[in-house]
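The values are calculated or read from the model by the stated rules, or taken from the named source; none is laboratory data. Worth saying up front: this structure is predicted, and the values here are computed from it rather than measured. Methodologically, a virtual Cβ is constructed for each residue, glycine included, from the backbone with ideal geometry; neighbour enumeration extends over all protein chains shown.
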Amino acid sequence: MTTLTRTTTHTRTHTATYLSDVIMGAIGDILGALGINPMTFFTDWDQDQRAIAAWIEEGSLEQVVLECHRPDGTVRPVFEFPITYEPRGEGSANFVNSRAALARYQAKLTSVPSGTRHRLFCTFNGYRTPQPGWSPGTRASTAGLRSTSFGSLAEAPHARANLRFLR
Amino acid sequence: MKRHREIASSPERTAGEAWQLITELLAATLERSSDISRTDVEETMGRAGGVGRMLVSGGHVEADPLVLIAGDLWLEITTVSGDAALTLEENLNPVPGGASAEGWTLHLPAGGPLAKFVKDLAKSEPNISSDEPSANAARAVRETESVLSDTALAEWAKERP
């Protein structure tokens, strides 16, 4: 009897592509659920995804942050996507995500006032390679916002993306 | 004729790369028609790329396909992500049936959180639709029937003494 096997190697690049894709998709869905104009998100999509993937691959990305800036000057809600790393690939054996759970979660989001704009931030564990289109910035204060942990959004062999919601 | 193609998305490739592959598949399929310009297809898909990337990366095209209707061709395209994307055997050859098409419409899934974005896009792009494809096809048939009926009535009126 002949047995055929097929081996697939999961690389850090696969992990970075997968997690950055799930994070970008989740941000897109959240903008849709909140009713925020996505034009700048569209325009910068490829550049932003490449940057997030590069930083995940090198292990420097601490979290991606989506801030919603309302016309009255307040900033809420805020969504944080912290990354945890498994450098030797001892994380999830598979590429899995919680998009279905996120969809149920999004259904409970209430829309924000017209004119609300989004801003993306990334924070880092240490040195990171500069990426086009990204420059230093200051996050809005989250003082007074109530934090809710969604848990794991996506898992891959070398890292995991979680989601935290502040409102 | 009904066809189905699967395209690997992440971790095999990014949503942007998957959308570009879908664009190439549609362009190669439709450029066989003497009435459809490859450039028009590519430009439309380029303008739809923001919503397209969102649909792919959000996993929305895994369950609800993109549906291309062009003449007799009904092409459903779904994406595959996760572990299955790494072993998917893709057929990226032009899909038979495009040569006889005189026009084309790409129906995007318009449910869930991206519904408004898809509908806004469809309002500005004549080749993009947010309608269910079956309903749209049925409407096209009804419109054809209506034109035939009007013509028959006119002929009938001319023949009256």
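For B:VAL41, indicate whether it is under 27 Å from A:LEU109 (Cα atoms), modelled with pLDDT of 95 or more and either touching a helix residue (DSSP H, G or I) at 6+ places or on another chain (Cβ under 6 Å) or assigned to a loop (DSSP other than H, G, I, E, B) (or both).
No.
Output the number of the condition that A:THR148 fails; it satisfies all remaining conditions of (1) of a type in the set (Val, Ile, Thr); (2) surrounded by 18 or more Cβ atoms within 10 Å (Cβ to Cβ); (3) not in a loop (DSSP other than H, G, I, E, B).
The one condition A:THR148 does not meet is (2).
Residue by residue through the range A:14-42, note down the ones that are among the β-branched types (Val, Ile, Thr) and at the interface with chain B (Cβ under 8 Å from one of its Cβ atoms).
Scanning the range A:14-42 gives A:THR15, A:THR17, A:VAL22, A:ILE30.
Could you tell me whether A:LEU102 is within 14 Å of chain B (Cβ to nearest Cβ) and either crowded, with 16+ Cβ neighbours inside 10 Å or more than 30 Å from B:ASP64 (Cα to Cα) (or both)?
yes
In the range A:71-99, which residues are surrounded by 15 or more Cβ atoms within 10 Å (Cβ to Cβ), modelled with pLDDT of 95 or more and not β-branched (Val, Ile, Thr)? So that I can check it myself, show each step before the final result.
Taking the range A:71-99 as the starting set, the residues that turn out to be surrounded by 15 or more Cβ atoms within 10 Å (Cβ to Cβ) are A:75-83, A:85-86, A:89, A:91-92, A:95-99.
After this cut, where a residue has to be modelled with pLDDT of 95 or more as well, the list is A:75-83, A:85.
Hits for the range A:71-99 are A:ARG76, A:PRO77, A:PHE79, A:GLU80, A:PHE81, A:PRO82, A:TYR85.
Is one or more of the residues making up the range A:81-90 within 16 Å of the chain's Cα centre (by Cα) and within 14 Å of chain B (Cβ to nearest Cβ)?
Going through the range A:81-90, the residues within 16 Å of the chain's Cα centre (by Cα) turn out to be A:81-85.
If we keep only those that are within 14 Å of chain B (Cβ to nearest Cβ) as well, we get A:81.
Yes - at least one qualifying residue is present in the range A:81-90.
Scan the range B:22-37 for residues that are of a type outside the set (Gly, Ala, Ser) and surrounded by 20 or more Cβ atoms within 10 Å (Cβ to Cβ) and report the count.
Residues of the range B:22-37 of a type outside the set (Gly, Ala, Ser): B:22-26, B:29-32, B:35-36.
Restricting the remaining residues to those that are surrounded by 20 or more Cβ atoms within 10 Å (Cβ to Cβ) gives B:22, B:25-26, B:29-30, B:36.
Of the residues in the range B:22-37, 6 are of a type outside the set (Gly, Ala, Ser) and surrounded by 20 or more Cβ atoms within 10 Å (Cβ to Cβ).
Which number in (1) more than 14 Å from chain A (Cβ to nearest Cβ); (2) in a helix (DSSP H, G or I) marks the one condition that B:ASP35 misses?
All conditions are met except number (2).
Looking at B:LEU86, B:LEU92, B:LEU73, B:LEU108, which one is surrounded by 15 or more Cβ atoms within 10 Å (Cβ to Cβ), of a type in the set (A, V, I, L, M) and either in contact with a Leu (Cβ under 8 Å, 6 or more places away or on another chain) or on the phi > 0 side of the Ramachandran plot (or both)?
Answer to the check: B:LEU108.
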